[in-house]
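Remarks on the structure that follows.
The values are calculated or read from the model by the stated rules, or taken from the named source; none is laboratory data. On a predicted model such as this, the values are computed, not experimentally measured, just so you know. Cβ sites come from the backbone with ideal geometry, for glycine too, and all protein chains shown count toward neighbours.
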Amino acid sequence: MSSLVFPRDFVWGVATSSFQIEGATTEGGRGASIWDTFCATPGKIIDGTDGTVVCDHYHRYKEDVAIMADLGLDAYRFSIAWPRVQPAGSGAWNEEGFKFYENLLDELDAKGLKAHVTLYHWDLPQALQDLGGWGNRETAYRFAEYAAEVGRRFGNRVASIATHNEPWCTAYLGNFHGRFAPGFTDIALANQVSHHLLLSHGLGIKALRELGISAQLGIVLNQSDADPATDSAADKRQAQLEYENFTGWFMDPIFKGHYPPLALEVYGDAAPKVEPGDFEIIGQKIDFLGVNYYFRAWCSTQNPPIEPPRALGITDMGWEIYPKGLTDLLVRINREYPNLPPILITENGMANPDRVEDGAVHDPQRSQFLQQHLSALKDAMDQGVDVRGYFEWSLLDNFEWDSGLSKRFGIVHVDYDTQKRTLKDSAHWYREFVSQQKRGNHG
Ligand code: PNW
């Protein structure tokens with residue numbers, strides 16, 4: 001089915017996040033999160049759904065782990081809901097919350113799956129938001145306490161711990177575009193939030209490192225290369241600015257010790273306030289970089305703008321399918337950041353309006369998407385980029401944030417009325433692909 005051959009020890013997995021699949025938002029002593037609040041605000045979620053049930057994974061995790069084992073995967077990337085384990089975001093720990101993740105880890109162990117844990121996939125305890133959320137520098141210190149507690153409990157039994165998932169989305173979709181919780185539209189706030197997220201990352205890594213645990217430590221960033229529509233100086237400048245705003249804004253502080261210059265200049269007075277020593281904290285050495293890739297950025301300064309060619313079509317999110325952008329991105333960051341650690345592709349996948357027909361789900365678009373992106377990934381590796389694993393987004397159809405349940409990213413279909421899971425054709429395809437990698441052609 002494929003002539004692609006990845007290294008023998010390459011890690012094959014799938015990814016999810018707590019708020020998107022768990023449900024049970026008021027069970028087991030979980031505190032409220034900003035996404036509970038946001039979902040309860042009329043007009044914020046396009047189909048009016050919320051996180052109270054979603055995939056009911058909180059009660060069905062055994063079935064979901066069994067599916068991953070059946071697919072022959074090596075690893076599972078999931079996130080811990082901070083308000084489940086520390087309902088107020090400071091002070092008391094909730095043993096029942098930790099117990100859920102302990103049970104999940106036991107189940108993964110029993111099935112031979114390695115756990116890759118994300119500490120923050122956007123569900124901030126509401127109690128911390130009430131104190132200013134990520135706009136308040138103190139939140140970074142609360143995060144480091146939370147990180148250390150998870151590290152103490154699970155740090156020797158999980159393969160990796162990532163501090164944040166996609167801080168760009170938290171900062172800008174949440175505080176500038178207003179599309180994500182907490183729903184603000186203030187660029188200076190969004191910039192300050194991004195700085196506090198970076199600071200919390202550095203403080204979290206420091207605290208985890210001091211524990212001497214075996215888990216690999218890192219961060220997950222959503223990244224895009226940015227292509228200018230033409231060779232004009234204006235389009236090229238726009239593409240550089242786009243790269244700096246989206247990818248460089250987090251990469252440069254971590255790997256170069258400063259914010260990217262053009263973006264900083266354009267933000268002017270809205271640039272974040274940085275305290276002495278912050279970049280030293282942010283630049284803590286990490287063991288891996290998680291890259292989430294969905295699309296490239298396309299930059300045209302003409303009016304009306306020149307549209308991207310979109311030769312391979314778009315997904316149900318309206319995102320251009322552009323596998324070559326993954327190669328371009330990886331080759332670029334590998335060149336521009338000489339001190340880059342090994343990379344994990346922590347998310348890649350597509351939304352498609354899948355339906356069950358006669359007990360099956362035919363989603364050839366998704367299998368093709370995965371095949372194309374794995375091929376693009378291999379191209380980058382052949383050009384010297386050190387990539388160690390790939391996590392498909394997502395195991396299950398789930399709560400797609402402001403799109404609610406209306407967008408389906410899973411390789412496994414979820415019927416939200418019955419909670420029945422149905423393997424899509426793409427799940428069968430992925431199982432066969434992974435099995436082929438394990439069988440060899442390894443020369
Ligand atoms: C990522 N954008 O979100 C998240 O890590 C997942 O939780 C999510 O389900 C997945 O990708 C699919 O969307 C993103 O607008 C949300 O640029 C929005 C954007 C990018 C990533």
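Does the stretch 125-137 contain at least one residue that is under 19 Å from the mean Cα position of the chain (by Cα), closer than 20 Å to L173 by Cα and in a loop (DSSP other than H, G, I, E, B)? Checked the stretch 125-137: no residue is under 19 Å from the mean Cα position of the chain (by Cα), closer than 20 Å to L173 by Cα and in a loop (DSSP other than H, G, I, E, B). Within the stretch 31-50, the set of residues being under 23 Å from the mean Cα position of the chain (by Cα) and either surrounded by fewer than 22 Cβ atoms within 10 Å (Cβ to Cβ) or more than 27 Å from T139 (Cβ to Cβ) (or both) comprises A32, D36, T37, K44, I46, D47, T49, D50.
If you go through the stretch 1-43 and pick out every residue that is within 15 Å of the ligand (Cβ to nearest atom) and not small (G, A, S), you end up with 10.
Within the stretch 265-277, how many residues are surrounded by 12 or more Cβ atoms within 10 Å (Cβ to Cβ) and closer than 22 Å to A140 by Cα?
Taking the stretch 265-277 and keeping what is surrounded by 12 or more Cβ atoms within 10 Å (Cβ to Cβ), we get 265-267, 270-272, 274.
Retained after the next criterion (residues that are closer than 22 Å to A140 by Cα): 270-272, 274.
Result for the stretch 265-277: 4.
For the stretch 204-215, the set of residues classified as crowded, with 24+ Cβ neighbours inside 10 Å and more than 19 Å from P342 (Cβ to Cβ) consists of G204 only. When G218, G151 are checked against the criterion of being in a helix (DSSP H, G or I), buried (at least 20 other Cβ atoms within 10 Å of the Cβ) and touching a strand residue (DSSP E or B) at 6+ places or on another chain (Cβ under 8 Å), G151 stands alone in meeting it.
Among helices (runs of 4 or more DSSP H) entirely within the stretch 224-322, having at least 3 residues that are at pLDDT 95 or above and under 30 Å from W401 (Cα atoms) singles out 233-243, 249-255, 261-267.
For the stretch 11-30, enumerate the residues that are small (G, A, S) and surrounded by 24 or more Cβ atoms within 10 Å (Cβ to Cβ). Please lay out each step first, then the result.
Applying the first criterion (small (G, A, S)) to the stretch 11-30 yields 13, 15, 17-18, 23-24, 28-29.
G13, A15, S17, S18, listed by residue number.
One residue stands out among those in the stretch 343-357 that are in a loop (DSSP other than H, G, I, E, B) and under 17 Å from the mean Cα position of the chain (by Cα): the one that is farthest from A162 (Cα to Cα), which is A351. The set of residues in the stretch 285-327 that are away from the ligand (no atom under 16 Å from the Cβ) and buried (at least 19 other Cβ atoms within 10 Å of the Cβ) comprises I286, F288, S300, P323, T327. E166 passes every criterion in (1) in contact (Cβ under 8 Å) with a residue 60 or more places away in the chain; (2) in contact with a helix residue (DSSP H, G or I) (Cβ under 8 Å, 6 or more places away or on another chain); (3) surrounded by 21 or more Cβ atoms within 10 Å (Cβ to Cβ) apart from (2). For the condition within 21 Å of A127 (Cα to Cα) and among the aliphatic types (A, V, I, L, M), I45 does not qualify. Filter the stretch 384-443 for residues that are acidic (D, E) and touching a strand residue (DSSP E or B) at 6+ places or on another chain (Cβ under 9 Å); which is farthest from the ligand (Cβ to nearest atom)? For the stretch 384-443, the residue satisfying everything is D386.
If you take the residues in the stretch 51-78 that are within 15 Å of D123 (Cα to Cα) and out of contact with any Phe, Trp or Tyr (no Cβ under 7 Å at 6 or more places or on another chain), which one is surrounded by the most Cβ atoms within 10 Å (Cβ to Cβ)? Out of the qualifying residues, it is F78.
Here H121 passes the criteria (1) free of Cβ contacts under 8 Å to residues at least 40 places away in the same chain; (2) under 21 Å from I219 (Cα atoms) except the one numbered (1). Say whether the condition of being part of a helix (DSSP H, G or I) and within 16 Å of the ligand (Cβ to nearest atom) is met by at least one residue in the stretch 157-167. Yes, some residue in the stretch 157-167 is part of a helix (DSSP H, G or I) and within 16 Å of the ligand (Cβ to nearest atom).
Please go through the stretch 129-156 and pick out each residue that is on the phi > 0 side of the Ramachandran plot and in contact (Cβ under 8 Å) with a residue 40 or more places away in the chain.
Filtering the stretch 129-156 down to residues on the phi > 0 side of the Ramachandran plot leaves 132-133.
The answer is G133, and nothing else.
Among the numbered criteria (1) farther than 24 Å from G43 by Cα; (2) without any contact (Cβ under 8 Å) to a residue 60 or more places away in the chain, which one does D186 miss? Single failed check for D186: (1).
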